[in-house]
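The values are calculated or read from the model by the stated rules, or taken from the named source; none is laboratory data. As the structure is a computational prediction, the values presented were derived from the model and not from experiment. Note that each Cβ is placed from the backbone with ideal geometry, even for glycine, and that neighbours are counted across all protein chains shown. Note: accessible area is taken over every heavy atom of the protein model, side chains too, but ligands, DNA and RNA are not part of it. Shrake-Rupley method; radii C 1.70, N 1.55, O 1.52, S 1.80 Å.
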Amino acid sequence: MGFLTGKHILITGIASHRSIAYGVAQAMHREGAQLAFTYQHEKLKSRVEEVAASFGSKIVLLCDVTKDISISNLFICLAEVWPTFDGFIHAIAFAPSEQLCGDYVKTVTREGFSIAHEISAYSFVAMAKESQKMLSAKSSLVTLTYLGSKRVVPNYNVMGPAKASLEANTRYMASSMGPKGVRVNAISSGPIRTLAASGIKNFKKMLSHCESVAPIQRTVNIIDIGNVAAFLCSDLSAGITGEIIHVDGGFNITVMNESFSN
Ligand code: NAD
């Protein structure tokens, strides 16, 4: 019996088999969770339906987080099949591509800043707000963040402040929802080649740098992230909330690689 047996978890953010959310679904399915999925727009619907079917789920619902009505409709529709559920994975981020290269101060615009924050940070609490009354007393909400929230990563630009906002959001949500039994955490993932990541200039170079600096001497993959997300949605992590958990092979603790010791 898997450690998520009996749990009902909603997964957002699947755009392809490379998506981090896909790795999360794999790990959660393996541990016995019942899954429901969202898709951002019609073009992604059939792809997400295929993925859902491969995990034994028929629950595939539209949710574009730029629209309040789309978020509320998501939970109205979900309530028809699951009147209560045990949490969701928020694996959603976006910034206009022209914001993700070049000098930060020169490139950033009011509109780009606002879009990045609205889609990548506000949407997490917006989903929590709408689903609050459906969440069971042992629920867990998990989002995905990146070290660019705390350190300057070339070309990550406006996504850095957006992820910092998402992380603060995580703590405030944890404090607000804790008394109702809802835990809220973020996984700070090392870089993984996905559709979202392909928008960041020199991403390949970033991967090789991480490989050379991280103590485990490899980059992480979607299953590494999925396993931690599954743990965070399980009762095994009942004492953890408001945390930003790094799953990056230890990259964030290092300054230089092993070659400096010789
Ligand atoms: P991905 O492109 O596979 O997933 C991004 C998802 O965001 C897509 O499914 C897309 O449909 C969804 N999305 C974007 N705008 C949306 C909107 N308006 N409404 C609903 N959904 C919307 O890429 P990924 O790398 O798997 O990204 C998932 C999360 O992981 C993101 O928050 C990302 O910032 C984070 N993350 C990724 C990396 C990495 O290196 N890939 C590292 C750290 C954190």
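For the structure I just gave you, tell me whether Glu211 is charged (D, E, K, R) and surrounded by 18 or more Cβ atoms within 10 Å (Cβ to Cβ). When the stated conditions are applied, Glu211 does not pass them. Annotation note: of Met173, Met159, Met127, Met134, the sole residue that is in contact (Cβ under 8 Å) with a residue 40 or more places away in the chain and out of contact with any strand residue (DSSP E or B) (no Cβ under 8 Å at 6 or more places or on another chain) is Met159. In summary, Arg151 fulfils each of the numbered conditions (1) touching an Asp or Glu at 6+ places or on another chain (Cβ under 7 Å); (2) of a type in the set (Lys, Arg); (3) within 16 Å of the ligand (Cβ to nearest atom) with the single exception of condition (1). Among the residues of segment 23-51, those that are closer than 14 Å to Cys233 by Cα and not small (Gly, Ala, Ser) comprise Val24, Gln26, Met28, His29, Arg30, Glu31, Gln34, Leu35.
Could you name every one of the strands (runs of 3 or more DSSP E) located completely within segment 58-175 that has at least 2 residues being modelled with pLDDT of 95 or more and open to solvent by less than 10 Å² (accessible area, probe 1.4 Å)?
Passing ranges, in order: 85-90, 135-145.
The single condition among (1) in contact with a helix residue (DSSP H, G or I) (Cβ under 9 Å, 6 or more places away or on another chain); (2) more than 10 Å from the ligand (Cβ to nearest atom); (3) open to solvent by 30 Å² or more (accessible area, probe 1.4 Å) that Lys201 does not meet is (1). Scanning segment 184-197 for residues that are more than 8 Å from the ligand (Cβ to nearest atom) and without any contact (Cβ under 8 Å) to a residue 60 or more places away in the chain yields a count of 2.
Of all the listed residues (Arg183, Arg193), the sole one being of a type in the set (Lys, Arg) and either open to solvent by 40 Å² or more (accessible area, probe 1.4 Å) or over 19 Å from the mean Cα position of the chain (by Cα) (or both) is Arg193. So is Arg193 under 22 Å from Ile14 (Cα atoms), outside any helix (DSSP H, G or I) and of a type outside the set (Val, Ile, Thr) or not? In short, yes. Ile240 falls short of the stated requirement of being within 14 Å of the ligand (Cβ to nearest atom), open to solvent by 20 Å² or more (accessible area, probe 1.4 Å) and of a type outside the set (S, T, N, Q). Scanning segment 30-57 for residues that are open to solvent by 30 Å² or more (accessible area, probe 1.4 Å), within 16 Å of the ligand (Cβ to nearest atom) and without any contact (Cβ under 8 Å) to a residue 24 or more places away in the chain returns His41, Glu42, Lys43, Lys45, Ser46, Glu49, Glu50. Report whether or not Tyr22 is within 13 Å of the ligand (Cβ to nearest atom), closer than 20 Å to Ser198 by Cα and out of contact with any Leu (no Cβ under 8 Å at 6 or more places or on another chain). Against the criterion (within 13 Å of the ligand (Cβ to nearest atom), closer than 20 Å to Ser198 by Cα and out of contact with any Leu (no Cβ under 8 Å at 6 or more places or on another chain)), Tyr22 qualifies.
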